[in-house]
Every structure is written in structure tokens, then in C-alpha cells.
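Participant: Following this message is one structure expressed as C-alpha cells.
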């Protein structure tokens, strides 16, 4: 049957490395570098270690490595552990459309299966580009957030197809992988109220389920028929009806969606990125933070609803967890004004629970600007920060496209600097340069297994 699952499977099966342009390949490498940096940085985090402890006890001949270690476990568990690490900081890339996404969440899965299958760098790039294409096109098709479901549900499709591609499944088997994977749904409760460790784990779990589904499909296991279109299928129960025109998908001579995704300059939820840019510009006019009387942040609907609605989520003005702080527009903007940077340092408990910071937050208001909502996302992910001083002076800055967006991209040098910042506590400068040289040339690597000794920590 040529349902949507089969059409996506057929597209995935036919895609070849030769179909990718130099630009597509280069953008894939930039995101692999960026994601690995994020995953390496959190090597010692308590919750990352908790998952690693579980993985140590899961032995497999068909195995993949946990980032920074020599520990090998089953690919689906390696993808979960590494995926959680990559996502933990909320500093990996983003794509905004009808549904927001972090498509680099897929990279832990493509890395894991590439290693288990002993694939090369070209396979890693191709499967990563494929995963981005599938997830971003689904994000363009229908909103899940609006119906109370989480964006990671689209990763079930993208990760199962990427894993299937690497494992050499037929198009019919790929269809079954999608049918199986798309039954493991995640609710939007992951990202409301006081946020937990699961905020960063939900995507990793979707990738784990995608890989498991591909493994089952490879052995002839089948999943529910018409998983998208059926009476109780995904469209009728979750997303609503949508059309997906596969003629628009990336192919030879045509660009791929990975080129349209956004690398994060700052360690913050993406809807706050332009607010950070604005706050840092404003600091040039403010000699003493104590002289600020009030702050108003004008944002778009997504920024207001997801990270700035005080009435529904007062926790954003009194964060008690790292996960809540990095999803708080008022906190992110405030700490940018106070510290002049937003990195992983700004999410230490002594920062977001600082009495002076919490007092400052009481003077911050977030409002939706209808014009910004109308522009979102194609014509801007706009934030305007307005600061009123105690002496009556008013300063304001508006940023439409934050640094790292395709319309305001980070340079390769800036991507490297971010990687160096994220990894320098574990690696010497000479080693970082060698790792980067390897990653910039990864398409020439015959086995991804060569990567993991380079990023060994202990």
C-alpha cells in the first residue's frame, strides 16, 4: 500500500550520497561538530552519569560507544545516552515552523547505528541529512504543540528511517519501521510547568524507539497498518490531517532542509535567542544593572506561550531547575543583562536561585506583539527588549533574526569557537584542533569507529 509511511520509506531508500551538494554536506558537518560539542561538555553531569550507569549493564555484540568513554552498549541505549547528553544543555540546533524541533537530536542515532554497522563518514552524513529532511518536512506540515503533543513524535519517523537506511532495510521494511515507531507517542507535558530531566530525554527516547523499530522491522516484524491515515492513526488522533508533497523534498540538484536549520549562538531555548542578542546590545548603554527600574520583552506567540506566559507558568519567574531556567524568557534575558553572556555557566543553581536575580525577575514583563507573531517564523523570530531606567531614560533593542539563523549565520570559525568552549575542560587545544580536522573531513572516513578514541575522556 502506498500510504505516507511507504512514500517516506521509498524516498529514504532511494536517497544517495551523490544526491547531496557540497553545501548540504558542509552543513551536515557543522551540525555534527556542534552536537558533539554539546554532548562532550556535559560528561560529568549527574543525570548523564545515571544513564551511563544503566548502559554499563547492557552488553551487546552489536554495539555502540558512549561519548567520552570506552563503554559499549546496544545501539538503542547508546543513542539514548548520547542523545540525552547532546540535548541536555539545550544548546543544540533548532528548526521552527508549524512545529518547533531540534533536528540534531537525530545525530545520536545515526552515530550509534553507523558504528554498530561499521559504516563510514559518507553514511553518517547521508543518514543525518535524511533524518533532518524527514523531521523538518513533518514540522512544516502540522503542529503537534497546538494539540497537546510533543515535537519529538516526529523524531520517531525520522530516526526509524535513518536507522533503517544505515541497516540496509528494503523500502517495505522501512515502512514497517515507521509503523512500529509511531506508536510510541510523547505528550506536551514534557515542556510545561516546572521542567524535569525528561525534557532533554524525550527526544533521546524517541530516537531509541526509532532504532528499536528498525531492528524489529529488519527481522520481519510488522507494525499497525495505515499508521498515519487510519481511523485511529496519527493524523486522526494526534496531528490532524495534512498533506506532504514529497516532490518538494531534497534531492539531486535541490537543497535539503538541513541548510534551513539554526545553530544556536547562545545556551538558551531558541525563541529567546534574539532576546539575548538585544539584551547584550543594551548592556552597552547601562553602567549599573541596579539602575534598571523595569524590563519589558515583546515577543511572538511561540515565545510567549512556550517560555514567557506568567499567568500559566509562574515558574518561569522563579526557576528551581536548570531545565526551567533554560526555558524561561524572563530569566534568559535577565541573566544576559546581568552577566553579559548566556552559556552553560548561567544555569548553575547558584545563578538561577540567586536572591538578586530573583528580585530582578519581579521587574520583568513579557508581552506578545501581534506584528512579531505575524512575522514568525519566516520573516523573523523577533524579540524586542525595552529597559526603563530609574532616572526615566528608556533604551530598547529589537532583533529579527538571531545569530546562527540561516539569514544571520554563524561562520565556521564561530562554530569552531563554540566547540572549543564546550570541550576545553576535557581536551587540550592541540587535541581539539585534531578532532575538528577529523570532523571537517569526516566524509573521507571509512569507519565511524575511528571517531570515538579521539573524544575519549575516561
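The values are calculated or read from the model by the stated rules, or taken from the named source; none is laboratory data. Nothing here was measured: the structure is a model prediction, and the numbers come from that model. Glycine also receives a Cβ, built like all others from the backbone with ideal geometry; neighbour counts cover every protein chain displayed.
Participant: In region 322-369, what residues are buried (at least 18 other Cβ atoms within 10 Å of the Cβ), more than 13 Å from residue 296 (Cα to Cα) and out of contact with any helix residue (DSSP H, G or I) (no Cβ under 7 Å at 6 or more places or on another chain)?
Facilitator: none
Participant: Now, a different point. Can you find a residue in region 381-389 that is within 15 Å of residue 265 (Cβ to Cβ), assigned by TED's automatic domain parsing to the domain that holds residue 311 and crowded, with 19+ Cβ neighbours inside 10 Å? Please lay out each step first, then the result.
Facilitator: From region 381-389, those within 15 Å of residue 265 (Cβ to Cβ) are 381, 383; that's our starting set.
Still in the running and assigned by TED's automatic domain parsing to the domain that holds residue 311: 381, 383.
Subset that is crowded, with 19+ Cβ neighbours inside 10 Å: 381, 383.
Checked region 381-389: at least one residue is within 15 Å of residue 265 (Cβ to Cβ), assigned by TED's automatic domain parsing to the domain that holds residue 311 and crowded, with 19+ Cβ neighbours inside 10 Å.
Participant: For region 1-113, which helices (runs of 4 or more DSSP H) that fit wholly inside it have 3 or more residues that are over 19 Å from residue 211 (Cβ atoms)?
Facilitator: Values: elements: 4-14, 22-41, 46-56, 75-88.
Qualifying helices (runs of 4 or more DSSP H): 4-14, 22-41, 46-56.
Participant: Restricting to region 328-384, what's the tally of residues that are under 30 Å from residue 140 (Cα atoms), free of Cβ contacts under 8 Å to residues at least 12 places away in the same chain and in a loop (DSSP other than H, G, I, E, B)? Write out each step before concluding.
Facilitator: Step one: list which residues in region 328-384 are under 30 Å from residue 140 (Cα atoms), which gives 328-333, 342-343, 366-384.
Checking the rest, the ones that are also free of Cβ contacts under 8 Å to residues at least 12 places away in the same chain come to 370-371, 374, 378.
Applying the additional criterion that residues be in a loop (DSSP other than H, G, I, E, B) yields 378.
Matching residues across region 328-384 total 1.
Participant: On to the next question. Report every pair of residues separated by at least 6 positions or lying on different chains whose Cβ atoms are under 7 Å apart, first residue within region 280-296 and closer than 10 Å to residue 338 by Cα and in the same structural domain as residue 335 (by TED's automatic domain parsing), second at pLDDT 90 or above and part of a helix (DSSP H, G or I).
Facilitator: Close Cβ pairs (under 7 Å, with a partner that is at pLDDT 90 or above and part of a helix (DSSP H, G or I)) amount to 280/336; 283/337; 289/337; 289/338.
Participant: If you check 184, 153, which single one turns out to be in the same structural domain as residue 97 (by TED's automatic domain parsing) and farther than 15 Å from residue 99 by Cα? Steps first, please.
Facilitator: Numbers: 153 fails: farther than 15 Å from residue 99 by Cα.
Answer to the selection: 184.
Participant: While we're on this one: Take the residues of region 183-198 that are assigned to a loop (DSSP other than H, G, I, E, B) and in contact (Cβ under 8 Å) with a residue 60 or more places away in the chain: which is farthest from residue 306 (Cα to Cα)?
Facilitator: Our first condition is that a residue be assigned to a loop (DSSP other than H, G, I, E, B); within region 183-198, this holds for 183-186, 192-197.
The next check asks that each one be in contact (Cβ under 8 Å) with a residue 60 or more places away in the chain; those that pass are 192-197.
Details: 192: 8, 193: 10, 194: 12, 195: 12, 196: 15, 197: 17 Å.
Step by step, filter region 183-198, then rank; the result is 197.
So that you can scan it fast, the table gives a plain yes or no per residue for (1) under 24 Å from residue 311 (Cβ atoms); (2) out of contact with any strand residue (DSSP E or B) (no Cβ under 8 Å at 6 or more places or on another chain):
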residue: 330; (1), (2): yes, no
residue: 333; (1), (2): yes, no
residue: 350; (1), (2): no, yes
residue: 364; (1), (2): yes, no
residue: 391; (1), (2): no, yes
residue: 399; (1), (2): no, no
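For every residue, the table says whether it meets (1) crowded, with 24+ Cβ neighbours inside 10 Å; (2) farther than 19 Å from residue 257 by Cβ.
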{"site": "91", "(1), (2)": "yes, yes"}
{"site": "124", "(1), (2)": "yes, no"}
{"site": "179", "(1), (2)": "yes, yes"}
{"site": "190", "(1), (2)": "no, yes"}
